[in-house]
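> Before I ask anything, let me first share the structure, which is written out below as structure tokens.
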Amino acid sequence: MSSSSYEYHYLFLGVFLLIAIVFPLLPIILARIVAPKKPNLIKTATYECGVETKGDSWVQFKVQYYVYALMFVIFDIEVIFIYPWAVAFKQMGSFAFVEMAIFLAILAFGLVYAWKKNVLEWK
Amino acid sequence: MGTAANTSQVDEGLKSELQKSGIFVTTLEGLYNWGRRSSIWPLQFGLACCAIEMIATACARYDIDRFGAGLFRPSPRQADLMIVSGTVTKKMTPQVVRLYNQMPEPKYVITMGACSISGGPFIDGYNVLKGIDRYIPVDVHLPGCPPRPEALLHGLMKLQEKIDSQHIEKMEWYQKGLKREFPVPEFGPNGLNPPYNPEVFQPQQHREITVG
């Protein structure tokens, strides 16, 4: 296999893949052999900064958090689009303005829809 | 890499001769202890003003990372060393003891500062524990109020010396049936219950000296 051949370059990938598999696996296996396991009731208890756990340690979040986060992300991304648009506003002319207006209208419609569906109300 | 604790069959002369040509000879125990002493991960928590000195030790000027102990772990599951840095109040004691219990074997403790050794200037205080060694075994007592970062590094080096001197066949964490559980004291209306762990804390008895 010559150094300029097509397969040769993939050889690097193969070697890296091998290293990437062996490198994390080795300490995990080594730790299984070497690590002394001395479990007891206190040690296996849920870690909560040393404080005793009260109630269930599996905390459930409301679905509403997710909807809120989704709404936030949409308008966060909107700002990212608007910034370069505003910087290049003068060069791009009325076409860009109309396009951004349509984009904002779609998002605004989404907001109105969410509002109507009572997503913004915290219950 | 070679340590004083090595019980190698290869004599020192041959060892240094081989070292000159780039061949290092060591024992499994030496390698094991070298690995442990070079990666002591402390538990990341501070109790009082000593913690500020501990933070300074972790920063660039004193750089505890030179000793491999700079990786402060936010979970006891990954920690080897507990630096009790500061005043241990009675209210905080159950948490400290529980955290020590939750650390995996082998584990070490450095009591940093006068407070965690004996209560320090607050020894007469109603709310301060008179030394964390009442509940957990301590490897290095580090005096000072607070100890300077250099002192903490010195304490760490002393701990490394201790790790170096441990023998693999005598290591208690490899012995079967070892029960290492340190009861967590409960916080009652009259302080902590029990006041100390008799398995760990054996105070010197006062002897009466009769004259004449």
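> If you go through the range B:23-32 one residue at a time, do you hit one that is modelled with pLDDT of 90 or more, assigned to a loop (DSSP other than H, G, I, E, B) and crowded, with 16+ Cβ neighbours inside 10 Å?
Looking through the range B:23-32, none of the residues is modelled with pLDDT of 90 or more, assigned to a loop (DSSP other than H, G, I, E, B) and crowded, with 16+ Cβ neighbours inside 10 Å.
> Look through A:Ala20, A:Ala35 and report the one residue that is hydrophobic (A, V, I, L, M, F, W, C), away from chain B (no Cβ under 14 Å) and either without any contact (Cβ under 8 Å) to a residue 12 or more places away in the chain or surrounded by 10 or more Cβ atoms within 10 Å (Cβ to Cβ) (or both).
Answer to the selection: A:Ala20.
> Return the total of residues in the range B:40-85 being within 14 Å of another protein chain (Cβ to nearest Cβ), β-branched (Val, Ile, Thr) and out of contact with any helix residue (DSSP H, G or I) (no Cβ under 9 Å at 6 or more places or on another chain). Walk me through how you get there before you give the answer.
If we filter the range B:40-85 for residues that are within 14 Å of another protein chain (Cβ to nearest Cβ), which is where we start, we get B:41, B:43-47, B:73-80, B:82, B:84.
Applying the additional criterion that residues be β-branched (Val, Ile, Thr) yields B:84.
Still in the list and also out of contact with any helix residue (DSSP H, G or I) (no Cβ under 9 Å at 6 or more places or on another chain): none.
Of the residues in that region, 0 qualify.
> Are there any strands (runs of 3 or more DSSP E) wholly within the range B:118-202 with 1 or more residues that are over 19 Å from B:Gly86 (Cα atoms), and if so which? Talk me through it step by step, then tell me what you get.
Details: elements: B:140-142, B:186-188, B:191-193.
Counting at least 1 such residues, we get B:186-188, B:191-193.
> Could you count how many residues in the range B:87-117 are crowded, with 19+ Cβ neighbours inside 10 Å and under 24 Å from B:His154 (Cα atoms)?
16
> Here's something else I'd like to know. Which of the residues that make up the range B:149-195 are more than 14 Å from chain A (Cβ to nearest Cβ) and more than 19 Å from the chain's Cα centre (by Cα)?
B:Gly188, B:Pro189, B:Asn190, B:Gly191, B:Leu192, B:Asn193, B:Pro194, B:Pro195
> State whether one or more residues within the range A:74-93 are closer than 30 Å to B:Lys179 by Cα and either surrounded by 10 or more Cβ atoms within 10 Å (Cβ to Cβ) or at pLDDT 85 or above (or both).
Residues of the range A:74-93 closer than 30 Å to B:Lys179 by Cα: none.
No, the conditions are met nowhere in the range A:74-93.
> Any idea which of A:Val63, A:Val98 is over 30 Å from B:Pro104 (Cβ atoms) and modelled with pLDDT of 85 or more? First the steps, then the outcome.
Values: A:Val63 fails: modelled with pLDDT of 85 or more.
Answer to the selection: A:Val98.
> Within the range B:191-207, identify whether any single residue is more than 23 Å from B:Phe67 (Cα to Cα) and either among the charged types (D, E, K, R) or at pLDDT 95 or above (or both), and answer yes or no. Before you say what the answer is, go through the steps one by one.
First, pick out the residues of the range B:191-207 that are more than 23 Å from B:Phe67 (Cα to Cα): B:191-207.
Cutting the leftovers down to either among the charged types (D, E, K, R) or at pLDDT 95 or above (or both) gives us B:199, B:207.
Yes: one or more hits.
> Related question: Inside the range A:97-123, can you point out the residues that are more than 26 Å from the chain's Cα centre (by Cα), loosely packed, with under 12 Cβ neighbours inside 10 Å and among the charged types (D, E, K, R)?
The answer is A:Lys116, A:Lys117, A:Lys123.
> Just checking, which of A:Tyr47, A:Tyr83 is among the hydroxyl-bearing types (Ser, Thr, Tyr), at negative phi, under 26 Å from the mean Cα position of the chain (by Cα) and away from chain B (no Cβ under 14 Å)? It would help to see each step written out before you state the result.
On the way: A:Tyr47 fails: away from chain B (no Cβ under 14 Å).
Residue meeting the stated conditions: A:Tyr83.
> Run B:Glu186 past the list (1) exposed (fewer than 12 other Cβ atoms within 10 Å of the Cβ); (2) out of contact with any strand residue (DSSP E or B) (no Cβ under 6 Å at 6 or more places or on another chain); (3) not β-branched (Val, Ile, Thr) and report the number of the one that doesn't hold.
Here B:Glu186 meets the rest and fails (2).
> With the structure loaded, tell me whether B:Gln166 is over 20 Å from B:Ala48 (Cβ atoms), at pLDDT 90 or above and crowded, with 19+ Cβ neighbours inside 10 Å or whether it fails that test. Talk me through it step by step, then tell me what you get.
Details: over 20 Å from B:Ala48 (Cβ atoms): yes; at pLDDT 90 or above: yes; crowded, with 19+ Cβ neighbours inside 10 Å: no.
Considered against the rule, which asks whether it is over 20 Å from B:Ala48 (Cβ atoms), at pLDDT 90 or above and crowded, with 19+ Cβ neighbours inside 10 Å, B:Gln166 comes out as no.
The values are calculated or read from the model by the stated rules, or taken from the named source; none is laboratory data. These numbers were taken from a predicted model, which means no experiment stands behind them. Backbone-built Cβ (ideal geometry, glycine too); neighbour counts: all protein chains shown.
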